[in-house]
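Chemist: To start, I am sharing the structure in question, which I have written as C-alpha cells.
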Amino acid sequence: MPVGYDQLQAQPWQEFPERLVSPVQWQVDKTLGWRPRLVRGAFPTVDGQRVVWAPSPQALLQSFPQRFLVNFGHAMYDLAVPLFNLQHLWGVYRPDAQVLLLNQTSADSWQGIDYYARRMVITPDPQRSVFRLTWDSDATWTANYTRQVLGDGRDGLMCFKSLLVGTGNLTRRGRATDALPYRDAVAQRLELREPPFGREAQPVITLLDKEGRRIIENLDEVAAALRRRYPTARVQIVSFGKHPDLTMAEQVQLMSETSILISPCGGLATVLTFMRPGATAIVMNFWHTHLNRSVMMEDQFYTNLEYLDLQYFPVNLNDYAETSDRPECELVPGGTRRHDSRYDQSGALVNCNLWLGQQGMARMQNYVDQAMLRWAARYGRFDVLEPLRQQRAAELQAQGLPLPPAHLAAAAEVAKAAATALPAEAAEQEQEEAQAAGLSTLAAFAGKGQAAAALAAPRDAAEPEQWQEGRRRRGHKTQRRGKTLVDGSQASGLPADEEQ
C-alpha cells in the first residue's frame, strides 16, 4: 500500500520503507513491528464464495500493544487521535468509519490485549468508549467484525470502499496543532455546553484526585488553601475512580467548564485535552533521580496542544518527604515487579506520591495566581482578583511596608465600582417592590429618578471602553466558532467524503 498515490500518472508517491521509524520517537516499538505490503494487480477473487461489502464504507486499521490499553491517555493519544488525524490528512473524515484492531500483529498475546481493550476501546457500554467521542461505533477486532458481516461462518471476502492504515501515535511529526480539531469534533458531537464569556463567567479550579500511584496525598489541604485564597472561584476535587458512573460525555463537559486544572502526571491528566481553548492546565512533574531534576512525563503528548496554557509544575525531593508510600513505591534496578523495568528510563520516584508542604503550597499558589490573572484578562473580570489584592495588602501592612501605587489605584477603582453599583441595586429593589404592589414597571421607573436610570442603562455603558471592545471581539470569535461547527464539515476542518 503506497503512502500516496497519483491517480493521473497511476504511480505511487512513496511506499512504506522496510522499517517504519518516526523521527520524533526515541526508540522503535517492537510490538508494532509491521508494515503494509504493496500488491499490484486486480482485486482477488474467491471461486464459489461470497464477496460482501462491509456496512461501513470506510475502515481504520491499527495495531496496538497491550500496555497502552491500561491507560486512558494512551488509548486516546496513541489510538483514537492518530486515526482521527489520519482521516483529516486525506480529507475523508466521516463518523461512520469502522475502527479495526489487528489480532495478531502485536508481540503481546491476543487474550491480554482483549482483556484490557474492553475497558475503553472495545466496550459494550457506549458511554464509556473513547471511540464514541468521534465515531458512531466502537472499535472491534478485525476477525470478529468479518465473522459478523459474513454472518454464517462461511469463508468469503469483506470489502471496504476505502481503508486507512494507522500511522502510529500522535508524535509522528512532533506537530503542535493536531489536538484542537479532535477537541472541536468531540464538542460538536456531544453538543457541548461551553461556559459563557463575559462578566457572568466564574473561574472554576478543578483538582484531579488519582487512585493508585502519583497521588497528591494532601489534596484536601491544597483545595482548602485555594478556597481561602480565591473565594470568588469555585474550587472542586474530582475523582473519576470514585465516580465510575461519570460518562465520557460528562467528563468532557467537566473539563470544558474548568478554567484551571491541577493534575498529577500520568494518563489521567490527558483529559485536559477537552478544556476550553485559553484555559490553564497545571500538570505536576516528577523527580528524575538519574537526572537529578524535575521532569515532565507527557510532553510527547502535550506538544500537540497549542490552544491551552500548559504549565508544568516543578517538584523537588521535599515534596516526597512526607508521603506514606515510600519506599515501597520506589523502582529498583533489576527488580522483579513489572514496573521496575522503567527504572533506567524514569528513575526511582516516577510512581511515588507527592505531599505539598509549606514551600510546595507557596509554589502552587504562585502558579494559580498567574493563571487567575490570565483568566481575569481573558474575561474582563478583574474584580475576582480583589480578594487576592486585599490579602497581599494585609501581608504588606503586617510587615510594615507601604502599599505600592498599583494597590492604591486598584482599591480606588473597586470603591468607585461599588459606589456606582449601589444605585443599580437600589433600583432593582424598587422595581421588585413596584411589581409586588401591582404597578407597571414603566410607571414605577418614571418616578424613581437616578436609580431607575442606572438599572435601565446598558451594562456596557458602565464598563471601560477597552472591555467593551474586548467583549465584542470575543463574542465575534464565539459566533464564528459556533458557525463553523454547525454550517458544515468543510468549514470546521472536518472534510467529508464525496459519497457523504
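Chemist: Quick test of your reading of the structure: Asp114 fulfils all but one of (1) within 22 Å of Leu268 (Cα to Cα); (2) modelled with pLDDT of 85 or more. Name the failing condition by number.
Modeler: For Asp114, the failing item is (2).
Chemist: While we're looking at this one, here's another question. Which of (1) within 30 Å of Pro277 (Cβ to Cβ); (2) at pLDDT below 75; (3) in contact with a helix residue (DSSP H, G or I) (Cβ under 8 Å, 6 or more places away or on another chain) does Ala427 not meet, given it meets every other one?
Modeler: With respect to (1) within 30 Å of Pro277 (Cβ to Cβ); (2) at pLDDT below 75; (3) in contact with a helix residue (DSSP H, G or I) (Cβ under 8 Å, 6 or more places away or on another chain), Ala427 is out only on (1).
Chemist: Is it true that some residue in region 144-159 is crowded, with 20+ Cβ neighbours inside 10 Å, part of a helix (DSSP H, G or I) and at pLDDT 80 or above? Step through it out loud before you land on a result.
Modeler: The first filter runs over region 144-159 and keeps only residues crowded, with 20+ Cβ neighbours inside 10 Å, leaving 145.
Now narrow it down to the ones that are part of a helix (DSSP H, G or I): 145.
Restricting the remaining residues to those that are at pLDDT 80 or above gives 145.
Among the residues of region 144-159, at least one is crowded, with 20+ Cβ neighbours inside 10 Å, part of a helix (DSSP H, G or I) and at pLDDT 80 or above, which makes the answer yes.
Chemist: Output the number of the condition that Phe274 fails; it satisfies all remaining conditions of (1) under 14 Å from the mean Cα position of the chain (by Cα); (2) aromatic (Phe, Trp, Tyr); (3) surrounded by fewer than 22 Cβ atoms within 10 Å (Cβ to Cβ).
Modeler: Among (1) under 14 Å from the mean Cα position of the chain (by Cα); (2) aromatic (Phe, Trp, Tyr); (3) surrounded by fewer than 22 Cβ atoms within 10 Å (Cβ to Cβ), the lone unmet condition for Phe274 is (3).
Chemist: Working carefully through the options Pro195, Pro231, find the one that is over 27 Å from Met296 (Cβ atoms), over 19 Å from the mean Cα position of the chain (by Cα) and modelled with pLDDT under 95. Explain how you work it out, then say what you get.
Modeler: On the way: Pro195 fails: over 19 Å from the mean Cα position of the chain (by Cα).
Of the residues listed, the single one that is over 27 Å from Met296 (Cβ atoms), over 19 Å from the mean Cα position of the chain (by Cα) and modelled with pLDDT under 95 is Pro231.
Residues checked against (1) assigned by TED's automatic domain parsing to the domain that holds Glu211; (2) at pLDDT 95 or above; (3) within 30 Å of Arg229 (Cα to Cα):
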site	(1), (2), (3)
Met297	yes, no, yes
Asp309	yes, no, yes
Phe313	yes, yes, yes
Ala321	yes, no, yes
Arg326	yes, no, no
Pro333	yes, no, no
Val350	yes, no, no
Met364	yes, yes, yes
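Chemist: Can you give me the ranges of the strands (runs of 3 or more DSSP E) entirely in region 222-312 with at least 1 residues that are free of Cβ contacts under 8 Å to residues at least 40 places away in the same chain and out of contact with any Leu (no Cβ under 6 Å at 6 or more places or on another chain)? Explain how you work it out, then say what you get.
Modeler: Details: elements: 234-238, 260-263, 280-284, 286-288, 293-295.
In region 222-312, 234-238, 280-284, 293-295 are the strands (runs of 3 or more DSSP E) which contain 1 or more residues that are free of Cβ contacts under 8 Å to residues at least 40 places away in the same chain and out of contact with any Leu (no Cβ under 6 Å at 6 or more places or on another chain).
Chemist: Is there a residue in region 312-334 that is touching a Gly at 6+ places or on another chain (Cβ under 8 Å) and among the small types (Gly, Ala, Ser)?
Modeler: Checked region 312-334: at least one residue is touching a Gly at 6+ places or on another chain (Cβ under 8 Å) and among the small types (Gly, Ala, Ser).
The values are calculated or read from the model by the stated rules, or taken from the named source; none is laboratory data. Owing to the predicted nature of the structure, the values given are computational and were not obtained by experimental measurement. For neighbour counting, all protein chains shown are included, and Cβ atoms are generated from backbone atoms with ideal geometry for every residue, glycine included.
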